[in-house]
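Peer 1: Starting off with a structure, shown below.
The values are calculated or read from the model by the stated rules, or taken from the named source; none is laboratory data. This is a predicted model, so every value here is computed, not measured. We place every Cβ from the backbone using ideal geometry, glycine too, and count neighbours over all the protein chains shown.
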Amino acid sequence: MPIIEVEGLSKTYRVFRKKEGLLGSLRGLYRREYNEVKAVSGISFSIEPGEMVAFLGPNGAGKTTTLKMLSGLIQPTAGKATVLGHVPWLREDAYRRRFALVMGQKNQLWWDLPAADSFQLHREIYSIPKDRFDRTLGELTELLGVEKLTRQAVRELSLGERMKMELIAALLHGPRVLLLDEPTIGLDVVAQVAIQKCLRDYHESRGVTMLLTSHYMRDVEALCDRVIVITRGTLVHDGPLAGIVERFGESKLVRLQFVGEPPDHAELSRYGEVSKLEGPSAAIRVERHRVAEALADVLNRHALADVSVEAPPLEEVIAKVFEEARPAHDAA
Amino acid sequence: MVAGVARYARMLAGLARYTLAREMAFRGNFLVKVSVELLWMGILVAFYKTVFAKTSTIAGWSEPDYFFFVGCFFAINGVIETFFLDNCNEFAELVRTGDLDFLLLRPIDEQFLVSCRKMDWGTAPNLLMGAILMGIALAQKGWTFDPARASAFVVAFACGVAIAYSFMMMLTSVSVWMVRNQSLMEMWWLFSSLVRYPREIFSGRGAETIGRFFTFVVPILLVSNVPADVMVRVLDPWMVAWTVVVAGASLWVSRRFFHVALRSYRSASS
Amino acid sequence: MTPPDAALPLPAPPRPGPIRALVKYARIFRVALIERMTYRGDFLLGTVLRFLPILTTILLWRAIYEGSGQTELGGFNYREMVAYLLLTNISRMFSSMPGLASGIAREIRDGTLKRYLIQPLDLLGYLLSARVAHKFAYIMMSFLPYAGLFYACRGYFDGFPDATQMLAYAASLILAFAVGFYFEACVGMVGFWFLEVTSILYIVMTLNFFISGHMLPLDLLPQPWSGLLKVLPFQYMAYFPAVVFQGKVRGGELLFHLALELFWAVAFAVLARTLYRAGLRRYSAFGG
């Protein structure tokens, strides 16, 4: 029995088209034109209890909109969804007591008060029994190493510490479903790892179901075993993470600037997938463990003016590949 | 039901405690707020003292009666400002930034959280100031205690607060559709100008119709008029009954309106 | 608000000529104007609500005159009183500066003021052109409703005053804008020394509501109050333009008060600039 079921979920926004110039804006006072923007169009998937699923896709693909519909913040234009047997946008208390949404870019704690005070308020709002509250809070603060910071005003905390507090606030009531939108955005690697560890431990001990969007492949690798890829509001891939990471997560983008005539396409293809070959410059996607070997080989054979090795923005690469593959898939 | 009320009362007390803690962290601010309110009361008194130096009645209200009315308005407005005004004022900003998300996620009534989230302790003394002014006015009038009038006053006062709150909630809800709406504080100031004067000033050609419109159709005039009326002028049971009905109905309508507005909320993502 | 850099895509040369500077501020003006027009629903609701206090004020004063049984209070008969109160709304339309002082104080507190130090853009000049745009749009948009209001209330007026008086009225309004702008700018500049400016501002504005003559003509107050308030700058933000229109101030007295109004405008302008300079020195010394 799936814990999250989504069928044909769509969200269309009506956006006021602002006209250019002074005259346009004057006219806008009396007559307005609107554009229809499809943020999400007909997404379907289902998630079993205890799964940890990543939502990937470029900016504006509709990930956050989907999460917001699942948390009941906005109403879909069409389609159905149930989470824990509830229709999210009815916002029943019974549902809201059993899930949590964490947004990395926003804070829900009271800025001028110590986090502990916000936690107490949560206890009231969620009606958490005192003993359970104390126990959970103790566990979480220890897990995240912030026992000493809960009495400090939130505005005095660092971004990483604040995010940990946000996470604690979201987990205090023991949600069965956890929706995370960019939980580690802007954090340093140490804080990222701490948050990943906390989420993993929490998942192991409570078997919570998690749905996460992130720009960091590391989050996805550390936490999820299934990936849903969304581009332009449609679902383009739903499957295990393993294959995807092998295909894209382990590659680097090697940019080469040759002196004089570059080698031909066939020769470069031996190192990896050639993504660009123009004049003296080329870009090749090379598997991580083969980068050193490939570079040495190229240097042996050719004179190079410049070399750079970059990590491609993975989720965008993934989305792009799936998007490119889609017309072919649709035709088949 | 009882457990629910107790839970919300507990939560309100908790919220009041935390806002007080915060307010005390910025004590200077708090003191300034209180002094602004005192100043405003002083200006009102100076204004009506100036006016009553030239006349003995305004629309049939004698000086002490009129000052009782002013005190009553001040107290009702104090309650509104302490509990709701700041929260409603922030609502537009919550919609604009999308921070309303967090209030909607809580397993608790959205309207409660939106309108009672923070308490503005700086305006809490207004209730006291209004009460003092009412007390002085009653003493000058030589008012003798009358349990019927006093209890009718309490009922009408509570209903006045409820009606004012409902109208404010509706003005607040509108900001879902009009993102970046000008300060609700200002709108409320303009709208509540209807509450600031006795209903009897709506007399004569045309004005009487407007007065009836704001008594029976958009019954905002009941807010401070009925409590002041029952206390120092006529105790009209029908008017009190009408006020109770209106309070209930306006609470219901404003709640529906708020929920309709929430359905249009887009949750801006930044 | 659009930050100034959005309106100025190109870096200006180090010493712009007067024409360039004018073009620059004209562009800011245009952007601010377009921005204002976008929020029409807000604007309409605001305009409708704005008429309620006018209505209740007229009714209140009618009740006061009826109660007193007199035809004149403080030299104003009922019709003149209503006309006066309507006219103070016009004065306030020019002299009120919502959000000006608190905006300056916020820029100081948040450190966003730095952009005026980096860009070749003067804070007061920028704020002035933005404010003129805001006022212009506001007055343009309220023209029709106000024209309707004054037409509906034409019974309270005795026609238009003669050309000289109209000229004096226009001058008093423009000066009212200048006094209002520079006075609030001064209050905002206090933010360099005192963080909680908004609270002082509340006190000042609350008091101003009464002592500018917005609530009632200063002549109704007993001496020495009315005499004192007529020397202070606040009366120019509401009382003075209204009585100029009504022809209650004439001849030498009119000239004297116009000169005094100009004096206050210049005095506040100089004070604002001095405070700004001193504040900036302090600001850069402490690193914001």
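Peer 1: Residue A:122 - would you say it is closer than 20 Å to residue A:96 by Cβ, touching a Leu at 6+ places or on another chain (Cβ under 6 Å) and within 11 Å of chain B (Cβ to nearest Cβ)?
Peer 2: Yes.
Peer 1: Somewhere in the stretch A:79-93, is a residue more than 15 Å from the chain's Cα centre (by Cα) and either outside the structural domain of residue A:182 (by TED's automatic domain parsing) or closer than 19 Å to residue A:231 by Cβ (or both)?
Peer 2: yes
Peer 1: Let me ask another. How about the stretch A:56-105: which of its residues are out of contact with any Phe, Trp or Tyr (no Cβ under 9 Å at 6 or more places or on another chain), within 10 Å of chain B (Cβ to nearest Cβ), in contact (Cβ under 8 Å) with a residue 40 or more places away in the chain and in a loop (DSSP other than H, G, I, E, B)?
Peer 2: A:98, A:105 - these are the residues of the stretch A:56-105 that are out of contact with any Phe, Trp or Tyr (no Cβ under 9 Å at 6 or more places or on another chain), within 10 Å of chain B (Cβ to nearest Cβ), in contact (Cβ under 8 Å) with a residue 40 or more places away in the chain and in a loop (DSSP other than H, G, I, E, B).
Peer 1: Also, I was wondering about something else. Of everything in the stretch A:106-119, what is more than 7 Å from chain B (Cβ to nearest Cβ) and in a helix (DSSP H, G or I)? Give them in sequence order.
Peer 2: A:115, A:116, A:118, A:119
Peer 1: Let me ask you something else. Just the residues that are surrounded by fewer than 18 Cβ atoms within 10 Å (Cβ to Cβ), out of contact with any Leu (no Cβ under 7 Å at 6 or more places or on another chain) and without any contact (Cβ under 8 Å) to a residue 24 or more places away in the chain, please, taken from the stretch B:27-44.
Peer 2: Of everything in the stretch B:27-44, those that are surrounded by fewer than 18 Cβ atoms within 10 Å (Cβ to Cβ), out of contact with any Leu (no Cβ under 7 Å at 6 or more places or on another chain) and without any contact (Cβ under 8 Å) to a residue 24 or more places away in the chain turn out to be B:27, B:28, B:31, B:35, B:42, B:43.
Peer 1: At least 3 residues that are at pLDDT 85 or above in each: list the strands (runs of 3 or more DSSP E) lying fully within the stretch A:206-301 that qualify.
Peer 2: Correct list: A:209-213, A:226-231, A:234-240, A:251-258, A:281-287.
Peer 1: I'm told residue B:60 meets every condition in (1) more than 12 Å from chain C (Cβ to nearest Cβ); (2) surrounded by fewer than 19 Cβ atoms within 10 Å (Cβ to Cβ); (3) of a type in the set (Gly, Ala, Ser); (4) within 30 Å of residue C:74 (Cβ to Cβ) except one. Can you identify the failing condition by its number?
Peer 2: Result: residue B:60 fails condition (1) only.
Peer 1: Which ones in the stretch B:8-21 are without any contact (Cβ under 8 Å) to a residue 24 or more places away in the chain, more than 14 Å from residue A:116 (Cα to Cα) and facing chain A (nearest Cβ under 7 Å)?
Peer 2: At the first step, the residues of the stretch B:8-21 found to be without any contact (Cβ under 8 Å) to a residue 24 or more places away in the chain are B:9-10, B:13-14, B:17-18, B:21.
Applying the additional criterion that residues be more than 14 Å from residue A:116 (Cα to Cα) yields B:9-10, B:13.
Matches in the stretch B:8-21: B:10 only.
Peer 1: Pairs under 9 Å by beta carbon, first residue surrounded by 19 or more Cβ atoms within 10 Å (Cβ to Cβ) in the stretch B:139-166, partner of a type in the set (Lys, Arg), six or more apart or different chains?
Peer 2: B:166/B:255
Peer 1: Mind checking whether some residue in the stretch C:5-27 is over 21 Å from the mean Cα position of the chain (by Cα), at pLDDT 65 or above, away from chain B (no Cβ under 14 Å) and farther than 25 Å from residue C:125 by Cα?
Peer 2: No.
Peer 1: Additional query: Go through (1) surrounded by 22 or more Cβ atoms within 10 Å (Cβ to Cβ); (2) touching a residue at least 60 places away in the same chain (Cβ under 8 Å) one by one and return the number of the condition residue C:218 breaks.
Peer 2: Among (1) surrounded by 22 or more Cβ atoms within 10 Å (Cβ to Cβ); (2) touching a residue at least 60 places away in the same chain (Cβ under 8 Å), residue C:218 violates only (2).
Yes/no matrix, rows are residues, columns are (1) of a type outside the set (Lys, Arg); (2) within 9 Å of chain B (Cβ to nearest Cβ); (3) not in a helix (DSSP H, G or I):
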position: C:57; (1), (2), (3): yes, yes, no
position: C:102; (1), (2), (3): yes, no, no
position: C:108; (1), (2), (3): yes, no, no
position: C:112; (1), (2), (3): yes, no, yes
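Peer 1: What helices (runs of 4 or more DSSP H) lie completely within the stretch B:97-193 and have 2 or more residues being within 14 Å of another protein chain (Cβ to nearest Cβ) and farther than 19 Å from residue B:37 by Cβ?
Peer 2: Helices (runs of 4 or more DSSP H) meeting the threshold: B:100-105, B:110-116, B:147-173, B:184-191.
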